[in-house]
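Asker: The structure that follows is given in the form of structure tokens.
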Amino acid sequence: MSSSVLEELKSSKSVPPRYGKMAGLLLFVGAAQFVVGLILAQARHPGYNVSENFISDLGIGPAAVIFNLSVFVLGVMGVLSAYFVQRSIRKPLVAAFLGLTGLGAMGVGLFPEAGVFGGLAHTVSSLVTFLFAALWAIASYTLRRPPLTYFSVVLGIFSLAALTLFATRNYLGLGQGGMELMIVYPVMIWAIAFGGYLMNHSEE
């Protein structure tokens, strides 16, 4: 962590240093298992096309259990990680963005696009996940020193730009599914990188 964050941890004896490591572990595991789950779901879904199909199309059909469970676990891990981020680092905005991302992901898993409570609930959950994941990556630049600072901002802005293009149906030849993946992958890369950083740089 940056020197300012470490000073905050040292000055607060009531905050166990292990909270930072726990935040990183939850974030790393949540993002890593989702990436693996996404690949498995794509492989198990006959005829799935990463360019033309939405990611949430994996939430119905033969790969539904894999995808819905994986994205729900991602959300739970995100919410729990946000709690430990706030307890250890005391950055309410960063924790709030991460927590909202987690809640949105849980909603995506609970409300498949073709389910009984799909439609609006699924769309809102997806939007909340995409938007706040990008904002979380950008806001988390305050927690580290360069060069990770630059990566968080670049990946967050990339994801936010992809969300804007996706929402306005400007797919740049990638197809709707390809552009949607451009929203997701940058923030997953950041979640794995930041989770690993927290696990290795929190105080013992």
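We did not get these values from a lab; they are worked out from the coordinates using the rules stated. Bear in mind the structure is a predicted one, so any value in this text is a computation, not a measurement. All Cβ positions, even for glycine, are placed from backbone atoms using ideal geometry, and neighbour counts span all protein chains on display.
Asker: Got a sec? Which of S56, S140, S125 is surrounded by 19 or more Cβ atoms within 10 Å (Cβ to Cβ), more than 21 Å from L181 (Cβ to Cβ) and polar (S, T, N, Q)?
Answerer: The conditions single out S140.
Asker: Return the only residue of V71, V76, V65 being of a type in the set (V, I, T) and crowded, with 22+ Cβ neighbours inside 10 Å.
Answerer: V71
Asker: Could I ask something else about it? Name the one entry in R44, R90 that is in contact (Cβ under 8 Å) with a residue 60 or more places away in the chain and of a type in the set (D, E, K, R).
Answerer: So the residue among R44, R90 that is in contact (Cβ under 8 Å) with a residue 60 or more places away in the chain and of a type in the set (D, E, K, R) is R90.
Asker: Of the conditions (1) of a type in the set (V, I, T); (2) surrounded by 23 or more Cβ atoms within 10 Å (Cβ to Cβ); (3) closer than 17 Å to L198 by Cα, V94 clears all except one; give me its number.
Answerer: (2)
Asker: From the list T168, T149, which one is exposed (fewer than 15 other Cβ atoms within 10 Å of the Cβ) and without any contact (Cβ under 8 Å) to a residue 12 or more places away in the chain?
Answerer: Checking each option against the conditions leaves just T168.
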